[in-house]
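Inspection log for the structure reproduced underneath, given as structure tokens.
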């Protein structure tokens, strides 16, 4: 079902209203609320939207129980590469470039996380203390901020407070 507001419309903030069959709670019904929708995340550009839709469609088509790493990796690949193919088939070179940059960022972030996860496994295996953990996470975030990312999809990782426990 399409969103009730488009990108850039009045009050646009990255979320959109999706109509539902009726008020979501008994209190909304009893109060006579005209609200008949809920707020959800909605991608803010067409490349991200195509990527998410293709990713989720794959989950609805192929799922191997007990193989979450494969399921997510495969869906991520299909979402990103499918978005590139979609826009290429339409001759939309700007969207192809954006989708390709998004895919490169996903690969860069994945490689970074793989290295960091290996470092964490080793540190935890050697009984790292609380202050060393905090230093390890801070160093990882500093390394992350130096990655050559092209868009803002992963940027918050470099500035967010991470759970170091």
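Overview of values
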{"read-out": "Enumeration of residues in region 98-110 that are more than 13 Å from the chain's Cα centre (by Cα) and under 19 Å from residue 57 (Cα atoms)", "value": "99"}
{"read-out": "From the options 106, 123, residue that is in a helix (DSSP H, G or I), touching a helix residue (DSSP H, G or I) at 6+ places or on another chain (Cβ under 9 Å), more than 18 Å from residue 147 (Cβ to Cβ) and assigned by TED's automatic domain parsing to the domain that holds residue 51", "value": "123"}
{"read-out": "Filtered residues of region 77-97 (kept if under 17 Å from the mean Cα position of the chain (by Cα) and either at pLDDT below 95 or surrounded by fewer than 18 Cβ atoms within 10 Å (Cβ to Cβ) (or both))", "value": "77, 81"}
{"read-out": "Any hit, region 129-137, residues being in a helix (DSSP H, G or I), over 18 Å from residue 45 (Cβ atoms) and within 18 Å of the chain's Cα centre (by Cα)", "value": "no"}
{"read-out": "Test result for residue 61, loosely packed, with under 15 Cβ neighbours inside 10 Å and modelled with pLDDT of 65 or more", "value": "yes"}
{"read-out": "Residue satisfying all of: in region 121-143; surrounded by 13 or more Cβ atoms within 10 Å (Cβ to Cβ) and farther than 19 Å from residue 159 by Cα; modelled with the highest pLDDT among these", "value": "123"}
{"read-out": "Some residue of region 144-156 being modelled with pLDDT of 90 or more and part of a helix (DSSP H, G or I)", "value": "yes"}
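The values are calculated or read from the model by the stated rules, or taken from the named source; none is laboratory data. A quick note: this is a predicted structure, and the numbers were derived from the prediction, not measured. Virtual Cβ from ideal backbone geometry, glycine too; neighbours counted across all protein chains shown.
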